[in-house]
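Enquirer: Next up is a structure, given as structure tokens.
The values are calculated or read from the model by the stated rules, or taken from the named source; none is laboratory data. Keep in mind that this is a model prediction, so the values were computed, not measured. Here Cβ is always computed from backbone atoms with ideal geometry, including for glycine, and neighbour counts include all displayed protein chains. These area figures cover heavy atoms from the full protein model, side chains too; ligands, DNA and RNA do not enter into them. Shrake-Rupley method; radii C 1.70, N 1.55, O 1.52, S 1.80 Å.
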Amino acid sequence: MTSVRSGSFRQHSRSYLDDEILIKKLLLSHDPDRRRLNSETLLSVVENIMFYATTSEEPVSDEPVNANLKSNIGNIELIESPEPLVHTIYKIAHEMLCKCPGKGDLHTRTMALFDLLGSHRWDAKVALAIAAFATSYGEFSLIMQLRPHIPLAVSVANLKQLPSNMSMLKPQSKALRLLFKTMVDLTKCIIEFESLPVVHVGLEIDNLAAIKSEIYVTAYWIIRSTLVCSSQITSLMAMKPEQSNITTAVWELLSLEYMLSNIYSHLRPLVDAFCRQREVQLHQKLVNLFKKSHIDNQDVLWMLLALKDDLPLKDGSTQEKLGVSELKSKVVLLLISKPDLLPLEQLFFLVNQTYDHPHREKVEGSYAIIWVPISFSEVWTAAEEKRFNFLSNSMPFYSVRQPWSLNSSVINFMKQEWSYRGEAIMVVLDPEGTITSSNALDMIFIWGSRAYPFSLSRENELWDGEQWTMQLITNGIHPILTQLVEEGRNICLYGSENLDWIREFNAKMKDIKDAGMQLEMIYVGKNNPDEHIKQILSFINGEIQSNLLSFTKIELFWLRLESMRRSKSRLGNNASTESTDHVLAEVLALLHNNDVNGWTVFGKGLSTDIVRVQGDEIIRCSNLFRQWGENVARLEFIDALRTVLEPPLVEGPCDHTQVVPYSEGLRQGDIVCHKCKRLMKKFTIYE
């Protein structure tokens, strides 16, 4: 028998080879190219196979597979490989099963497998070898399980000369299961070690060379163990199992399992310490990376997204795999969220504001959205993967192709340095990889593509040029509403949970409209609309037949107002306080309005003359409108409303004169005196 390592790592002696010579030979066979394999996913498939192959004595039932064991090997592939994954696994399995043990000792056959696997990384070598064995053993187990029930299985088993009585093989199956579990545990150690190219990232790990040596020898013993396990299958061919043969086989498997367990007990702490040290150094490297200036965004994006995959991105429109080089010279918006992304109405609104926005053509190709989904569980669930695959294939922007493979240091960096807590954020990187906004999501909900390049300075610039208008309040929610605003129509937004008030208010407004006043009535419910708002909407649509917005659109209305509040708060300047910022004050007034009898907001197009009135007051005002009779149709609505809201400054006769420029004088309607609140007589003056 041969040895493994010194100390607790060396439990056996080898007469023909010591570890240093073994490592040199292993390295001579190791010549990896650019092909890549998701070893972790492949290993989960293998565990699934062996779980059923070694624990089920009954035929396969119709019950669903355990969700934690579900895997789809169709999603696993060898990237940049000259042959598909299935061919590689077949060649390895053929090498294991079809080479007679008598034609070469176990070490020679093991090294032959290393030669066959020379183009692969260390984690891929062991994962592929285990997969090849599991495939062969799974086929054997499947035939034996189906044999009592399906004639086809009987014929195949007879042709392969498999034993008819499997009950005697239970001890052997149990020993094989124990050995395989230890092999998988060791393989996971290698996968964890190989998950980050330490040299390429420039980390300085203590005793890295020594850990690598342990990894090489461990890989050797895992692959050697697959040959021993495979021999268990071939030994069953054309043989009646006797107790002595089974006892020998069980002893061989248990001895090997004991040896590998000792290797694991030594290797596991080394890998854990390595991972801890790697996590700390990588986190600090990321922190330092964002403190430096760069000529482009490639180093930053590579560290964030491409540590494990040269093609980490997927285009949702074409399903094409992409590298970070596709993002060079672009503003990159990292949309970080849970695997379910956003509520559907918000998701559609995001797409509308970025890809369907009228301003989009002006900035086409200048920016890219990358969805980075992060699960808060240690392992992605099948439901999360299904949701991610559906959304990533449906959305027009890019996404991380295999988000479950993102480096844990990168995920922790996003949580700690970017304050990601589960609610979606959008971090903006300029073409040089510098963070220009910690969260541009609200900016996009408010202004869409107009917010390009989505920086904090652009956000300030947009607010500096913004005023409280009907356009700001309603922009992008509904195309017809947008058109009404652009046409300069009088708009009334109103909200309430009181059906009696809604009936009365709409009746009053109908009287005013019947008198000739043009007015569009839009019901917007309340902040955080619920089922009761849905019922009110049904009533309005059925009885009043005057509403434009659906429940989803109402949710977007309040989403934009909440985005305005957050945007103002995030800027954090002295001007953004309720007492000095008119826009913020109006936003907060709507968000926090709890008046039982509702509220109204009246405005017109781009005019800053916006009037907000509480429910009882607007009923009183609408009664006063009737006093003007036929003049109502000729009034500017907002002027008329202010007339009844504000008491007159002059009692009795008024001599106030107001000169209106000719261009503005062409407009229809009369003017209300702001002093006496009466209609003004119109005269024409020639200069």
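Enquirer: With a 10 Å radius around each residue's Cβ, average the other Cβ atoms per peptide and rank 428-435, 270-277, 146-153, highest first.
Expert: 428-435, 270-277, 146-153
Enquirer: Sort 20-29, 207-216, 182-191 by packing, meaning the average of other beta carbons within 10 Å per residue, with the highest value first.
Expert: 182-191, 207-216, 20-29
Enquirer: Using Cα positions and a limit of under 29 Å, work out the lysines in reach of residue 534, with same-chain residues fewer than 8 apart set aside.
Expert: Within the straight-line limit of under 29 Å, residue 534 reaches these lysines: 338, 508, 510, 513, 526, 553, 604.
Enquirer: With r as the distance between the Cβ atoms of residue 255 and residue 462 and R0 = 51 Å, compute the FRET efficiency 1/(1 + (r/R0)^6) and round to 0.05.
Expert: Computed FRET efficiency for residue 462 and residue 255 comes out at 0.10.
Enquirer: For the range 465-564, build the charge dipole from Cβ charges (+1 Lys, Arg; -1 Asp, Glu) around the Cα centre, then report which of 521, 496, 467 sits farthest towards its positive end.
Expert: Towards the positive end, the residue furthest out is 521.
Enquirer: Carbon and sulfur atoms: what percent of the 1.4 Å accessible area of the range 395-441 do they account for?
Expert: Summing carbon and sulfur atoms, their accessible area is 45 percent of the total for the range 395-441.
Enquirer: Among the lysines, which have Cα under 28 Å from the Cα of residue 170 when same-chain residues fewer than 8 positions away are ignored?
Expert: Leaving aside lysines fewer than 8 places away in the same chain, those within reach of residue 170 are 70, 99, 160, 181, 188, 240.
Enquirer: Here's a follow-up. So if I place +1 on the C-beta of Lys and Arg and -1 on the C-beta of Asp and Glu, and nothing else carries charge, what would the dipole magnitude of the range 418-570 be about its Cα centre? I want it in debye, nearest 20.
Expert: The calculated dipole for the range 418-570 is roughly 100 debye.
Enquirer: Assign one of three labels to the range 255-314, namely rounded, prolate or oblate, based on the Cα gyration tensor with a ≥ b ≥ c the square roots of its eigenvalues; rounded applies when a/c is under 1.5, prolate when it is not and a/b is larger than b/c, and oblate otherwise.
Expert: oblate
Enquirer: Take the alpha-carbon centre of the range 254-268, take the same for the range 472-531, and report the distance between them in whole Å.
Expert: 74
Enquirer: Run the reach check for residue 291 against lysines, Cα to Cα strictly under 23 Å, same-chain hits fewer than 8 apart removed. What comes back?
Expert: 328, 330, 415
Enquirer: Let me ask something else. Describe numerically, in nm with one decimal, the distance between label points set 7 Å from Cα along Cα→Cβ at residue 293 and at residue 160.
Expert: Going from the residue 293 label point to the residue 160 one covers 6.7 nm.
Enquirer: Using mean Cβ contacts within 10 Å as the protection proxy, how do 504-511, 459-466 order, highest first?
Expert: Result, highest mean first: 504-511, 459-466.
Enquirer: Which length gain, in nm to one decimal place, applies between residue 207 and residue 654 when the Cα-Cα distance is subtracted from 0.36 nm times their residue separation?
Expert: 151.5 nm is the gain from fully extending residue 207 to residue 654.
Enquirer: With Rg and the Kirkwood Rh both taken from Cα atoms, where does Rg over Rh land for the range 244-358?
Expert: Reported Rg/Rh, Kirkwood definition of Rh: 1.23.
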